[in-house]
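First the structure, in the form of structure tokens, and then the observations on it.
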Amino acid sequence: MSVLAIHDLVAQAGPARLVDGVSFSVRAGRTLGLVGESGSGKSVTCLSVLGLPPRGVQVSSGRILFDGDDLRTKTPAELNALRGREIGMILQDPMTSLNPLLTIGRQITEMFRYRDGVTSRKEREARAIELLRRVHIPAPESRLKSYPHQFSGGMRQRVAIAMNLACNPRLLIADEPTTALDITVRLQILDLLREVQAERGTAIVLVTHDLHLVRRYCDDVAVMYAGRIIEQGPVADVFARPRHPYTKGLIGAVPRLRHSQHRLTVISGQPPLPGSIAQGCRFAPRCPRVQADCASVYPVTRSVDMHRSVACWHPEPDQQTADALPATAAS
Ligand SMILES: Nc1ncnc2c1ncn2[C@@H]1O[C@H](COP(=O)(O)OP(=O)(O)OP(=O)(O)O)[C@@H](O)[C@H]1O
Ligand SMILES: [Mg+2]
């Protein structure tokens, strides 16, 4: 059974649907990559799943099943108890998961005290140091006394990751967890996440704009465009034979992104703003395969293979693309 199964999730800011009917699921021990251009709704999706939609945004419909139980029916206190134990989260802005008023050491040791009932202060500190060492924080003994603002963005993110690792969550939602880190640390951290995943069978949702990371760490991929998932399936299949012209464009654009931190904006044109969305396919104005009917009705999501789906009236032919992502190391 899936650890997380989302059905038809809609999240709105007033009338604007920022997330518009998103469905996906992740089984134990598997990693789903969630990709798409800036503003496509990846973070709003993740935050909605966690029961923490951004200010002014509401989940208006859909089901969010965690071990078959709908998180939307939980009280805030129940959700709070799940987060930080069963459900880990590494958010795009690590400051949101750390308390600015408490030292790093205090935040970690309190977690060991209250959550794990470790009574000895020495032991809590030893565990905290070990944890910081695992995420490659230099001189962890002296770092325990620092406050979050005394850390760089990358170090704060590593602390947030360390605290999540200590929870051994069943589900981990990681929104661009390593973007602020340099490439070596990035790979080390993701390897570490994978180790923890293997021990506990954690289901992971990994949001990233780096398709090399998707190929290296994810089993499945869901591609978002303007609040919807336009293509979904096993990474190897989707990368070898993208069926949605948008997916094909993203993958084709990757070699040029290899040495940079750009966002995925290399397909010419801009995605529509939420609320300004017309009835037809949202990608139609930018699509190289657009036809007259694309502008009138939004394409239904169709299965194109056992585990694959695509929302496109005129998908790419089912054949290996010449410009599929080259098999070199992650960027
Ligand atoms: N609190 C909010 N109120 C209104 N609109 C919002 C709010 N937060 C986000 N949005 C809008 O929702 C859409 C999706 O935003 P989201 O942050 O989920 O994008 P994203 O895919 O995570 O982008 P990025 O790759 O830049 O992180 C954007 O158009 C954004 O402007
Ligand atoms: Mg985001």
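The values are calculated or read from the model by the stated rules, or taken from the named source; none is laboratory data. Note that the structure is predicted; figures quoted are calculated from it, not measured. Here the Cβ positions follow ideal geometry from the backbone for every residue, glycine too, while neighbour counts run over all protein chains shown. These accessible areas exclude ligands, DNA and RNA; they are computed on the full protein's heavy atoms, side chains included. Shrake-Rupley method; radii C 1.70, N 1.55, O 1.52, S 1.80 Å.
Give the number of residues within the range 274-285 that are touching a residue at least 40 places away in the same chain (Cβ under 8 Å) and out of contact with any helix residue (DSSP H, G or I) (no Cβ under 8 Å at 6 or more places or on another chain). Give the steps one after another, and end with the answer.
Looking only at the range 274-285, we keep the residues that are touching a residue at least 40 places away in the same chain (Cβ under 8 Å), and these are 274-275, 277, 282-283.
Pick out the ones that are also out of contact with any helix residue (DSSP H, G or I) (no Cβ under 8 Å at 6 or more places or on another chain) and you get 274-275, 277, 282.
Count: 4.
Set side by side, the residues V235, V207 differ, and just one is open to solvent by less than 20 Å² (accessible area, probe 1.4 Å), within 16 Å of ligand 1 (Cβ to nearest atom) and in contact (Cβ under 8 Å) with a residue 12 or more places away in the chain, which is V207. Based on what the data block shows, is S142 among the hydroxyl-bearing types (S, T, Y), modelled with pLDDT under 90 and away from ligand 2 (no atom under 16 Å from the Cβ)? In short, no.
Just a yes or no: is a residue in the range 173-182 assigned to a helix (DSSP H, G or I) and surrounded by fewer than 22 Cβ atoms within 10 Å (Cβ to Cβ)? Checked the range 173-182: no residue is assigned to a helix (DSSP H, G or I) and surrounded by fewer than 22 Cβ atoms within 10 Å (Cβ to Cβ). A search for C-beta distances below 8 Å between a residue of the range 1-30 that is acidic (D, E) and within 14 Å of ligand 1 (Cβ to nearest atom) and any residue that is in a strand (DSSP E or B) and open to solvent by 30 Å² or more (accessible area, probe 1.4 Å), counting only pairs 6+ apart in sequence or on different chains, returns D20/R228.
Being more than 16 Å from ligand 2 (Cβ to nearest atom), in contact with a Phe, Trp or Tyr (Cβ under 7 Å, 6 or more places away or on another chain) and open to solvent by 60 Å² or more (accessible area, probe 1.4 Å) is a description that does not apply to R134. Pairs linking a residue in the range 95-109 that is touching a residue at least 60 places away in the same chain (Cβ under 8 Å) to a residue that is in a helix (DSSP H, G or I), with Cβ atoms under 6 Å and 6 or more positions apart or on different chains, are S97/A160; L98/P148. If you go through the range 173-200 and keep only what is within 16 Å of ligand 2 (Cβ to nearest atom) and among the aliphatic types (A, V, I, L, M), you end up with I173, A174, A180. Looking at (1) assigned to a loop (DSSP other than H, G, I, E, B); (2) away from ligand 2 (no atom under 16 Å from the Cβ), can you tell me which one P53 breaks? The failed condition is (2).
Among the numbered conditions (1) part of a loop (DSSP other than H, G, I, E, B); (2) more than 9 Å from ligand 1 (Cβ to nearest atom); (3) acidic (D, E), the only one that E37 does not meet is (2). Scanning the range 42-60 turns up no residue that is more than 16 Å from Y225 (Cβ to Cβ), open to solvent by 60 Å² or more (accessible area, probe 1.4 Å) and more than 15 Å from ligand 1 (Cβ to nearest atom).
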